[in-house]
Every structure is written in C-alpha cells, then in structure tokens.
Amino acid sequence: MYSALDNSLFVRDKNKFDQLRERADGFNLNYNGANIIQDDIFHVIENYTKKKGMPFEFFRYPINDDNLCACTFVRGGRIFLLMNCKMPLAKQIFAAGHELYHIWCYLEDEDQELLQKGSILASTTIDDSADEEEEIEANAFSGLLLVPADSLFQQIRIYGIYASKISVADIVMLMEIFAVPYKAMVLRLYEESIITEDQARKLFLVDSEEINRQIELTGRAKRWLDIPKGVEKFGSLLENMTINNENGFLQESRFASDQRRIREIQKLYHLE
C-alpha cells in the first residue's frame, strides 16, 4: 500500500533526491520556463532533443496491454519514444516525464543503457513502485519536473489549501492544476514537507472510489483522467511525407502508396 512512498527516492536517498531536484529545476528553466507543463511535456521532449541535435521520433497509439506505459530506445542515431495512449492522460504525462529522464541521462551523462537495452515502462512502476535505481530516479525526476516546488507552494497559497487540514478534494484540485496522478501528487506534497508522513500514509489509503467520487463531484481533474481521442502520432512520417510531396521529391504513386499504408495502420489500431 505504501510502496510508492517507501520506495521513493526522497525516502531512500535524500541527498540524491536533492541533487536531482537541482537538475530538474535547471532543466525546467532551460526548456520550459516558469510554466506548469501539463500535457506540454510532449512538446518539451521534442524541443529538448531538437536543441541537442538528436533526431527524435514520437509514436503515440493505443496498445492493448494495460501494463505497458511507454518504451524508449535508440537505433541508428535516432531516439524513439512509444507512448501507449490507451491510458488516462495524467498517466501518459507522468510516463513522458519518466522517459524524459532516460533520454536526458543518455544525452547529458552519456549513459549507454538507453542505447544498449532501451527502456520499457511498466504500469506498476508508476502506480506502485520501481525496483531499479534509475527507474526510482526517473519517477522522482518526473514528479519534480511536472510539479515544481515554487509552483506548488504558489498554487496552495492561491487556492487557500491548509496543509494541516488537507483533504482528498484538495488533492484533486492540485491534480487539476498539475495534471499528475493522485499518488504522484501526494508524494510531491510529502517531499516538500507540506504534509507529514502520517498524512501521506493516510492519503495513500484512500481508495479509488472516493477519489473518483470527488472528481465527479467537483469536475476537477476529470480531463486528465480521461483517455484522450485523436492524439495518435506516427513519428515524423506524415510530416516528412507531406513536405516531400509538396516539394516534388515524391512521385504521386509513392505518395498515394504511403497514404494507403498510414490508413492501414490506423485501421489496425482502430483509429479510423
């Protein structure tokens, strides 16, 4: 029940967590500014890899595997990120932040793990806990990136949330603002010492029915827990194909053939 708390980087290695906080803040400053990221995380990743001069392909389509959130790997000098869009949007956002950490380690620290083995993000790693050190760090990085401390304190002050009396409804309000899952939001409050360990453990005990009741009652965070439609993306295939056709680099027969192939893919994943 408490694995997301007990296995968090903040609990296991506070010094490492503080180091990661500095690096996440630096990343936010350079690639996002003072904005609360929400679903702009996908554009942030594209912007980061572009500025680093690294070819990047982003694929986003539904996968009939509830345990597979995302997959990142490097092939032929190009980074590929596959996101399962058959998940609630908040989970996709947090997964993107998690995978960004692996990409960031590869590009900044020359960590070869992404090149050699890739990264497969399982649902349990987000929902409950991670086992491997880099997965634990990636969860922490995602939380710090999506819910920066300054923004968190600011929003708590603006909405008059009292730490000593914090409720599920308050957590739902913060989920609406930061677009992260419930457990991730509770953990960030604990990491910033806004709530005590006892409060965090009690909030982790709240069942999904009560959380969903508060969401339905207030209408807050609902958009982040829905599974979005029409967000599918097939890397740069469609964009490059259109540009090449407009510039006369593709024969009409090849362009028509490629269009048919895209429709076949869309039909395969029930996207039409």
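Some notes on this structure:
- Candidate set: segment 81-113, residues that are of a type in the set (A, V, I, L, M) and surrounded by fewer than 20 Cβ atoms within 10 Å (Cβ to Cβ); chosen: the one nearest to K51 (Cα to Cα): L107
- Number of residues in segment 62-77 that are farther than 9 Å from I120 by Cα and of a type in the set (G, A, S) equals 2.
- Some residue of segment 96-104 being at pLDDT 95 or above and either outside any helix (DSSP H, G or I) or among the aromatic types (F, W, Y) (or both): yes
- Selection of first residues in segment 1-29 that are over 11 Å from L144 (Cα atoms) and without any contact (Cβ under 8 Å) to a residue 40 or more places away in the chain and of second residues that are of a type in the set (F, W, Y) and open to solvent by 10 Å² or more (accessible area, probe 1.4 Å), restricted to Cβ pairs under 9 Å at least 6 apart or on distinct chains, gives the following pairs, ordered by first then second residue: V11/Y190.
- Filter pass, F42 being surrounded by 19 or more Cβ atoms within 10 Å (Cβ to Cβ) and either farther than 24 Å from E192 by Cα or at pLDDT 95 or above (or both): yes
- Residue check for V44: in a strand (DSSP E or B) and over 19 Å from K229 (Cβ atoms): no
- For the criterion of being touching a residue at least 24 places away in the same chain (Cβ under 8 Å) and aliphatic (A, V, I, L, M), L68 passes.
- Residue within segment 49-64 that is in a helix (DSSP H, G or I) and either in contact (Cβ under 8 Å) with a residue 12 or more places away in the chain or β-branched (V, I, T) (or both) present: yes
- The selection criterion, being basic (K, R), within 19 Å of the chain's Cα centre (by Cα), surrounded by 17 or more Cβ atoms within 10 Å (Cβ to Cβ) and in a helix (DSSP H, G or I), holds for R188.
Residue-by-condition table, conditions (1) aromatic (F, W, Y); (2) open to solvent by 40 Å² or more (accessible area, probe 1.4 Å); (3) modelled with pLDDT under 95:
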position	(1), (2), (3)
V147	no, no, no
D150	no, yes, no
F153	yes, yes, no
K165	no, yes, yes
I177	no, no, no
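- Residue check, S142 at pLDDT 95 or above, in contact with a Phe, Trp or Tyr (Cβ under 6 Å, 6 or more places away or on another chain), of a type in the set (G, A, S) and open to solvent by less than 40 Å² (accessible area, probe 1.4 Å): yes
- In segment 20-31, the condition of being closer than 21 Å to A179 by Cβ and either part of a strand (DSSP E or B) or in contact with a His (Cβ under 7 Å, 6 or more places away or on another chain) (or both) is met by no residue.
- Candidates I194, I227, I136, I126 - the one that is closer than 25 Å to N15 by Cβ and in a loop (DSSP other than H, G, I, E, B): I194
- Tabulated pairs, segment 145-161, first touching a residue at least 24 places away in the same chain (Cβ under 8 Å), second of a type in the set (K, R), C-beta under 8 angstrom, 6+ apart or interchain: V147/R188; A149/R21; L152/R188
- Within segment 67-76, one or more residues are over 20 Å from A138 (Cβ atoms) and outside any helix (DSSP H, G or I).
- Selection of segment 218-256 for residues being at pLDDT 65 or above, under 29 Å from N84 (Cβ atoms) and loosely packed, with under 13 Cβ neighbours inside 10 Å yields G219, D226, K229, G230.
- Members of segment 1-48 found to be touching a Ser or Thr at 6+ places or on another chain (Cβ under 7 Å) and among the small types (G, A, S), listed by number: S3, A4
- Positions within segment 11-54 being more than 19 Å from the chain's Cα centre (by Cα) and of a type outside the set (D, E), in sequence order: V11, R12, K14, N15, K16, Q19, K51, K52, G53, M54
The values are calculated or read from the model by the stated rules, or taken from the named source; none is laboratory data. This is a predicted model, so every value here is computed, not measured. Glycine gets a Cβ as well: all are built from the backbone with ideal geometry, and neighbour counts include every protein chain shown. Ligands, DNA and RNA are excluded from the accessible area calculation, which covers all protein heavy atoms including side chains. Shrake-Rupley method; radii C 1.70, N 1.55, O 1.52, S 1.80 Å.
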